[in-house]
Amino acid sequence: MLSSSTRFALVVLALVLATSSALAEEVVVLTDDNFDKEVGQDRGALVEFYAPWCGHCKKLAPEYEKLGTSFKKAKSVLIGKVDCDAHKDVCSKYGVSGYPTIQWFPKGSLEPKKYEGARTAEALAEFVNMEGGVNVKIASVPSNVVVLTPESFNEIVLDETKDVLVEFYAPWCGHCKSLAPIYEKVATAFKLEEDVVIANLDADKYKDLAEKYDVSGFPTIKFFPKSNKAGEDFAGGRDLDDFVNFINEKCGTSRDGKGQLTSKAGLVASLDNLVKELLSAGSEEKKAVFGQIEEEVKKLTGSTTRYGKIYLKAAKNCMEKGADYAKNEVQRLERILEKSISPAKADEFTLKKNILSTFA
């Protein structure tokens, strides 16, 4: 049964989803249904009309994302985008015939002004600042992608304690530029995983190293797991979810595209089975099962040793504090996770919540 706090959170979430704009990244995703609710209201709006297959749109994507990030806190300005393949009506309404088309909608107006300037974050920001009467600077966002050189390649990629994904790219390559913002999100999603490294190498600059690993086209993506430092070709899709699912499967991680731990994170099948035995055992039998849990925890290696300690502490508290302990603790952790906390703390509490849920 859901706690009252959880039910309240779900209601609030439903209301938010029903009334607010859809934020895919830092740019507001506009559709036929929500365009008039977001644009022409109490803030000016810069809108990119694009098509997913358009090469110029793909090239603009990282710059436009950077613009969205920089203006995220500017309450008087909206940075939005419309997929014209999916939402033809609104694109037709505003005379869009080529991609990308960028238009400025003043506050309270649905009469746009076409943007004709350079397609860089800096040039777009200058235009928005002038039209919107604000003074926002392009944010310098540190990258979570590890930049490799011939000097650092062996030290990082061939480290047998790390699983490493490497993109071999060329600065002039259009496909590489399109992949860049997605690859950055992959790196950000796994930045708290100490054993996982998301890296890239300028294969045009370091040709000898690229040739060593049979790189003949760009981008070429190879995975170097702890167990195979010869490298394996990555042949999956190149959407964020494709990369995330690949890394979770290969590295034993449990992250989503936003870097948050999933509900499976921290769970150990052998310990879950013993927890079931513990919960169904009589008072005398519980001590014996607890001893089995202790022995199983001793067998764990790597990151799972951390999970084992949480299982042990939870088992001990459940035996000492009674059947309601786990349920009450899960509800307490859910309340904490609803608040604004650091990613590291969110990881810590999510692991505890997931493991305690097996006891509840």
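Would you please state which residues of segment 227-253 a label at ASP214 would reach in this model, taking the label point 7 Å out along Cα→Cβ and a backbone N cut-off of under 16 Å? Under cut-off, by backbone N: 228-236. Comparing Cα centroids, segment 105-177 and segment 35-104 end up 17 angstrom apart. May I ask for the longest run of the chain untouched by chymotrypsin sites (Phe, Trp or Tyr not before Pro) that are loop-located per DSSP and have at most 11 neighbouring C-beta atoms (other than their own) within 10 Å? Longest gap between qualifying sites, sites excluded: 173-360. The phi torsions of segment 294-299, fed into the Karplus equation with coefficients 6.51, -1.76 and 1.60 and a -60° offset, translate into couplings of 4, 5, 5, 5, 5, 7 Hz, rounded to whole numbers, with Gly and Pro shown as x. Toward the positive end of the charge dipole of segment 128-224, with +1 on the Cβ of Lys and Arg and -1 on the Cβ of Asp and Glu, the farthest Cα among SER152, VAL215, TYR183 is that of TYR183. Return, ordered by residue number, the residues of segment 269-283 whose backbone nitrogen is under 11 Å from a label point located 7 Å along Cα→Cβ of ALA323. Answer for segment 269-283: 280.
Just one of [x] 24.9, 78; [y] 22.2, 66; [z] 20.4, 61 is Rg and Dmax of the Cα atoms in Å as worked out from the coordinates here. Which one is it? So the calculated entry is the one marked [x]. Under the simplified labelling scheme, the GLU194-LYS75 pair shows an inter-label distance of 4.2 nm, with each label point 7 Å from Cα along Cα→Cβ. Note on SER140 and LEU312: with the Förster distance fixed at 30 Å, the Cβ-Cβ geometry gives a FRET efficiency of about 0.10.
For every other residue with a beta carbon closer than 14 angstrom to the beta carbon of ASP89, add +1 if it is Lys or Arg and -1 if Asp or Glu, then tell me the sum. Show your work: numbers first, answer last.
Values: positive: LYS88, LYS93; negative: ASP32, ASP33, ASP36, ASP83, ASP85.
After counting each charged neighbour, the total is -3.
Length gain on complete extension for the stretch SER109 to SER280, per 0.36 nm per residue less the alpha carbon to alpha carbon distance?
Values: separation 171, 0.36 × 171 = 61.56 nm, distance 6.55 nm.
Extra length from SER109 to SER280 when fully extended: 55.0 nm.
Taking the Cα centre of the chain as origin and charging only Cβ (+1 Lys, Arg; -1 Asp, Glu), how large is the dipole, in debye to the nearest 20? Don't jump to the answer; show the numbers that get you there.
Values: 49 positive and 54 negative charges, 216 e Å.
Magnitude of the dipole: close to 1040 debye.
Overall, segment 146-251 carries a charge dipole of about 200 debye about its Cα centre when +1 sits on the Cβ of Lys and Arg and -1 on the Cβ of Asp and Glu, all other atoms neutral. Here the spin labels are modelled as points 7 Å beyond Cα on the Cα-Cβ line, and at LYS88 and ARG332 they lie 5.8 nm apart. Label-to-label distance, THR305 versus SER97, with points set 7 angstrom from Cα along the beta-carbon direction: 6.8 nm.
Every number in this text was worked out from the coordinates using simple rules, so none of it is lab data. None of these values were measured; they are calculated from a predicted model. Ideal geometry is used to build each Cβ from the backbone, glycine not excepted, and the neighbour counts take in all protein chains shown.
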